[in-house]
Amino acid sequence: MPLVQSTMEGPVGTITLAYLEKHNALGKALIEELLGGIASLLAQEARVIILRAPRGAKVWSAGHDVRELPTDGRDPLTYDDPLRRAVRGIKETPAPVIAMVEGSVWGGACELVMSCDLVVASEQSTFALTPAKLGVPYDVAGVLNFMRSANLAFIKEMLFTAEPIAAKRACAFGLVNHVVPVEELEATTNRLAGAMTRNSPHVIALLKEELHVLAAATPLDPEAFERIQSLRRRIYDSADYQEGIRAFLERRAPRFEGR
Ligand code: YXS
């Protein structure tokens, strides 16, 4: 059973996350299919790609597959982690990618949505940044993506509380382009996609790459980077990191002791 479905309608490609029994948890296998789907749609000359969950989904994506988070002292979000590869893959896709969101979005799936170029969300959808809830030392590139996606104080509230935030608030702080009634979700997304397909694909691809390169032009002192990495290492070597994953798997609230 595919974990991702890819379809083309005219110049618009659609990728539907279809790993429903695990609420579209972003594991290695799903991400491989996602990146393969994008490549296949681009090979069919898709001018816009829509990334969605099935209609009526309660959960758009439950985030990184917790069962694939390493517990043997390895960094949980390295450059080659599937989630990191998916985020880069979407940013490097020359065609615009629109996240069409219905349902709840969790953890790394929020970063996946933020890596898309536009976000159209239903009024009932929610977004929760969960590193602090799971005890995960999120990586520098990911935190930078959060910072660039919305107002800093809002991102801090999302990260420090780990509580689901309603789409309307996410939109007010720049995380979402449009919030619409669920029955208008597809029409609004298709209208935006249609408007883009009528414009020059090469200019759009150039503008997307210019914005990506300029946004990424953040000088970071190597020593500062190393200091952050050592702070992260202390956390993914900590008992609290193990506790966060164990609590999830045991379906209970975590008991973080700061160790
Ligand atoms: O018990 P089975 O085998 O049926 O599987 C259950 C869940 O374990 C599984 N599942 C997941 N598996 C791996 N990774 C996940 N993130 C994940 N989420 C869910 O899916 C099956 C059905 O889930 P269940 O029974 O909990 O469904 P529900 O309808 O009662 O609740 C839906 C959710 C989404 C509210 C609930 O599944 C949930 O809270 N999921 C975790 C959301 C979350 O905290 N995600 C963050 C993952 S970690 C991450 O993204 C980053 C590393 S970070 O945290 O740093 O941002």
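The values are calculated or read from the model by the stated rules, or taken from the named source; none is laboratory data. In this text the structure is predicted, and so the values were computed from the model without any measurement. Don't worry about glycine lacking a Cβ; one is built from the backbone with ideal geometry, like all the others, and counts go over all protein chains shown. Accessible surface areas use protein heavy atoms only, side chains included; no ligands, DNA or RNA. Shrake-Rupley method; radii C 1.70, N 1.55, O 1.52, S 1.80 Å.
Overview of results
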| read-out | value |
| --- | --- |
| Segment 86-115: number of residues that are within 10 Å of the chain's Cα centre (by Cα) and farther than 18 Å from PRO54 by Cα | 8 |
| Matching residues in segment 196-215 - criterion: being within 24 Å of the chain's Cα centre (by Cα) and free of Cβ contacts under 8 Å to residues at least 12 places away in the same chain | LEU206, LEU207, GLU210, LEU211, VAL213, LEU214 |
| Residue within segment 107-117 that is away from the ligand (no atom under 16 Å from the Cβ) and in contact with a strand residue (DSSP E or B) (Cβ under 8 Å, 6 or more places away or on another chain) present | yes |
| Unique match (being touching a helix residue (DSSP H, G or I) at 6+ places or on another chain (Cβ under 6 Å), farther than 19 Å from ALA205 by Cα and surrounded by fewer than 19 Cβ atoms within 10 Å (Cβ to Cβ)) among LYS58, LYS22, LYS28 | LYS28 |
| Looking only at segment 69-96, and only at residues there that are open to solvent by less than 50 Å² (accessible area, probe 1.4 Å) and touching a Ser or Thr at 6+ places or on another chain (Cβ under 8 Å), the one that is farthest from the ligand (Cβ to nearest atom) | ILE90 |
| Hits in segment 123-150 (condition: out of contact with any Lys or Arg (no Cβ under 9 Å at 6 or more places or on another chain), surrounded by fewer than 22 Cβ atoms within 10 Å (Cβ to Cβ) and touching a residue at least 60 places away in the same chain (Cβ under 8 Å)) | LYS133, LEU144, ARG148 |
| Criterion violated by ARG88 - all others in (1) in a helix (DSSP H, G or I); (2) on the phi > 0 side of the Ramachandran plot; (3) not polar (S, T, N, Q) satisfied | (2) |
| Segment 56-71 residues that are farther than 14 Å from TRP106 by Cβ and modelled with pLDDT under 95, paired with ones that are more than 8 Å from the ligand (Cβ to nearest atom) and open to solvent by 30 Å² or more (accessible area, probe 1.4 Å) (beta carbon under 7 Å, 6 or more apart) | THR71/GLN242 |
| Residue within segment 153-162 that is at pLDDT 95 or above, open to solvent by less than 60 Å² (accessible area, probe 1.4 Å) and touching a Ser or Thr at 6+ places or on another chain (Cβ under 6 Å) present | yes |
| Number of positions in segment 214-244 that are farther than 30 Å from ARG255 by Cα and open to solvent by 80 Å² or more (accessible area, probe 1.4 Å) | 6 |
| Answer residue from segment 175-207, given it is open to solvent by 50 Å² or more (accessible area, probe 1.4 Å) and in contact with a helix residue (DSSP H, G or I) (Cβ under 8 Å, 6 or more places away or on another chain) and is farthest from SER125 (Cα to Cα) among those | ASN177 |
